[in-house]
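Undergrad: First, the structure itself, so that you have it in front of you.
The values are calculated or read from the model by the stated rules, or taken from the named source; none is laboratory data. Since this is a predicted model, take the numbers as computed values, not measurements. Cβ placement follows ideal geometry from the backbone for every residue including glycine, while neighbour counts extend to all protein chains displayed.
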Amino acid sequence: METPVTDIEKQRLVLSYEEKLTLLKATNYVKNRLLEQKMRERELQWHTKESELHENEIAMLNILEDARALEEELEKQRSHLDLIIASMGEGLLLIDEIFRITLINAKAAALLGLRAEDAKGKDMRTVVMVWQGDELIADKNRPATRAFALGKTTTASVTDNFYYQTSGREKFPVSFTISPLVQEKGVKSVIIVFRDATEEKVLDEARRNFMSLASHQLRTPLTAVRWYTELLMEKGMGTLNEAQTKFVQQIAGGASRLGDTINLLLSIARVEGGALEINPQPITIDDFTKTIIEELAPIAKKDKVALILNEPVPSIPSISIDPAMLREVMTNIVGNAIRYSREKGTATISLAAGEKEATVSVTDTGIGIPASAHARVFEKFFRADNAVKKVPEGTGLGLSLANSLVSLWNGKLWFTSKEGEGSTFYFTIPYQGIQEKRRGKPLA
Ligand code: ADP
């Protein structure tokens, strides 16, 4: 049941005009505050967005600026590189995998007698013919083909006898370096840097002619000196007194050393001129080494050096190699180990059978090689100061010859050494051996 509303209560429910106004004002006030707060929040959000946008804009500008700087740097480097390539003293060719010439510098164009614009894009094999001596090299054997196939740098010096020939230039000698540019999926292009070796060739031939001429002309009178000293020593011309015997012995010793030097010079001239005759025979390396040790034993004994073959000797398959070449290399290296050893020192020869090659190493306990001389040991006529002091009469030719001979059978020759402590010389002989070469002359 509804409770009746009293009059007083009715009066209370009816709001006075003032009250209504106040209420309205209050409502409006609250509404306005709420609106203001919203506006402020929006403004704040807007500001945040705006500053985010601004930051993004700055970041974009920075990136753009960096990119521009990078581009400028690249452009600078590119033009530097162009300048270097253009002003190089050597000819430069860049060849892609189908042998197209993609880059040719001014020097290369000039050396080949071609216009760079004409050569660019052409197959190098149709533009440049490659010869080795008198033999025109087939495409599959071109040094660049091999650089592509093997992914290895190939170099050829004047003594390798390479020649280029083009429509614009007669056959001319070159020396070159061909470097593959190895990328993820193999070799995609090679760089050929080459030089006209005409002048070098002339000099090299003159040097070789001089060497062989001098050697021949020195040899003939020397044979006479040896012959007559032998005659004197054998008392063919009567008995010599003590002083005369001593002098004749000195002459014989000097003539013998001079003969050895001339032979070394002659052998080097033959090897470097590609005029060495090669007669391979199946050789058992351990037996051969034992023979060399027996031959050098008297010298070792005289110098009071123990000459040892390191045991156990591994079994090495017989190798088809020229015994005269192997003898020259071994006697030079073992001979040095004895000569540069100290009294009561040792020279030890070790043999090792690798997968594809045998390695011979000779260790001595001698004077060693000063670090400053390491890079020059295989140079012709080079002798380190400590070696000159110990053995004044050396020539500095033996190792140079040994090095050339080892290279001929595709082996390697190297050493480790410390002055005052000794040296170890190593050389390898591939089981593949060496190919026969009938034309030419043997080692002197
Ligand atoms: P040579 O012995 O006549 O001087 P080589 O060509 O045989 O000529 O050797 C060149 C130089 O290498 C030597 O003069 C010497 O300085 C150094 N050398 C070679 N072998 C040895 C060695 N076993 N110990 C110390 N030095 C060596």
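Undergrad: Go over the candidates Glu242, Glu234, Glu277, Glu272 one by one and state the one that is modelled with pLDDT of 85 or more and closer than 22 Å to Met325 by Cβ.
TA: Only one candidate qualifies: Glu277.
Undergrad: Does Gly420 fit the bill of being under 23 Å from Lys304 (Cα atoms) and out of contact with any Ser or Thr (no Cβ under 7 Å at 6 or more places or on another chain)?
TA: Yes; evaluated as a whole, the condition is true for this residue.
Undergrad: Of everything in region 362-393 that's within 8 Å of the ligand (Cβ to nearest atom) and under 30 Å from Pro312 (Cα atoms), which residue is surrounded by the most Cβ atoms within 10 Å (Cβ to Cβ)?
TA: Asp364
Undergrad: Can you tell me which residue among Ser215, Ser175, Ser179 is touching a Lys or Arg at 6+ places or on another chain (Cβ under 8 Å) and touching a residue at least 12 places away in the same chain (Cβ under 8 Å)?
TA: Selected residue: Ser175, the only one of Ser215, Ser175, Ser179 that is touching a Lys or Arg at 6+ places or on another chain (Cβ under 8 Å) and touching a residue at least 12 places away in the same chain (Cβ under 8 Å).
Undergrad: Pairs please, first residue from region 328-353 and over 16 Å from Asn403 (Cα atoms), second anywhere and among the basic types (Lys, Arg) and within 12 Å of the ligand (Cβ to nearest atom), Cβ atoms under 8 Å, 6+ apart in sequence or on different chains.
TA: Here the result reads Arg339/Lys390; Tyr340/Lys390, each pair linking region 328-353 to a residue that is among the basic types (Lys, Arg) and within 12 Å of the ligand (Cβ to nearest atom).
Undergrad: Now a separate question. Being exposed (fewer than 15 other Cβ atoms within 10 Å of the Cβ) and in a helix (DSSP H, G or I) is the filter here, so list the residues in region 234-259 that pass it.
TA: Matches in region 234-259: Glu242, Ala243, Gln244, Thr245, Lys246, Phe247, Gln249, Gln250, Gly253, Gly254, Ser256, Arg257.
Undergrad: Give the residues of region 260-315 that are of a type in the set (A, V, I, L, M, F, W, C) and outside any helix (DSSP H, G or I), sorted by residue number.
TA: Within region 260-315, Ala275, Leu276, Ile278, Ile283, Val305, Ala306, Leu307, Ile308, Leu309, Val313 qualify.
Undergrad: When you look at Ala337, is it outside the structural domain of Gly259 (by TED's automatic domain parsing) and surrounded by 21 or more Cβ atoms within 10 Å (Cβ to Cβ), yes or no?
TA: The answer is yes for Ala337.
Undergrad: Next question, about the same structure. Which ones in region 261-299 are without any contact (Cβ under 8 Å) to a residue 12 or more places away in the chain and out of contact with any strand residue (DSSP E or B) (no Cβ under 8 Å at 6 or more places or on another chain)?
TA: Asp287, Thr291, Glu294, Pro298
Undergrad: May I ask you to list the residues in region 159-178 that are at pLDDT 90 or above and within 23 Å of Leu408 (Cα to Cα)?
TA: Asn161, Phe162, Tyr163, Pro173, Val174, Ser175, Phe176, Thr177, Ile178
Undergrad: Here's something else I'd like to know. Only one of these is touching a helix residue (DSSP H, G or I) at 6+ places or on another chain (Cβ under 7 Å), buried (at least 21 other Cβ atoms within 10 Å of the Cβ) and either modelled with pLDDT under 95 or not assigned by TED's automatic domain parsing to the domain that holds Thr223 (or both): Leu264, Leu351, Leu309. Name it.
TA: Leu264
Undergrad: Give the residue that is nearest to the chain's Cα centre (by Cα), with candidates limited to residues of region 322-361 that are of a type in the set (S, T, N, Q) and more than 10 Å from the ligand (Cβ to nearest atom).
TA: Thr359
Undergrad: Follow-up. Need the failing condition index for Leu443 against (1) crowded, with 19+ Cβ neighbours inside 10 Å; (2) modelled with pLDDT of 95 or more, just the number.
TA: Against the list (1) crowded, with 19+ Cβ neighbours inside 10 Å; (2) modelled with pLDDT of 95 or more, Leu443 comes up short only on (2).
Undergrad: Here's a follow-up. Please enumerate the residues belonging to region 128-161 that are more than 19 Å from Leu103 (Cα to Cα) and assigned to a helix (DSSP H, G or I).
TA: Asp139, Lys140, Asn141, Arg146, Ala149, Leu150, Val158, Thr159, Asp160
Undergrad: Just for region 333-350: of the residues that are out of contact with any strand residue (DSSP E or B) (no Cβ under 6 Å at 6 or more places or on another chain) and not in a helix (DSSP H, G or I), which one is nearest to Thr395 (Cα to Cα)?
TA: Only one residue fits best here, namely Tyr340.
Undergrad: Something else now. Of the residues in region 300-321, how many are free of Cβ contacts under 8 Å to residues at least 40 places away in the same chain and either within 15 Å of the ligand (Cβ to nearest atom) or among the aliphatic types (A, V, I, L, M) (or both)?
TA: Residues flagged as free of Cβ contacts under 8 Å to residues at least 40 places away in the same chain and either within 15 Å of the ligand (Cβ to nearest atom) or among the aliphatic types (A, V, I, L, M) (or both) within region 300-321 amount to 1.
Undergrad: Right, another one. Quick one: in region 419-439, of everything that is in contact with a helix residue (DSSP H, G or I) (Cβ under 8 Å, 6 or more places away or on another chain) and within 13 Å of the ligand (Cβ to nearest atom), which residue is farthest from Asn279 (Cα to Cα)?
TA: The selected residue is Glu419.
Undergrad: Just need a number here: residues in region 370-409 that are in contact with a Pro (Cβ under 8 Å, 6 or more places away or on another chain) and either at pLDDT below 95 or part of a helix (DSSP H, G or I) (or both).
TA: 2
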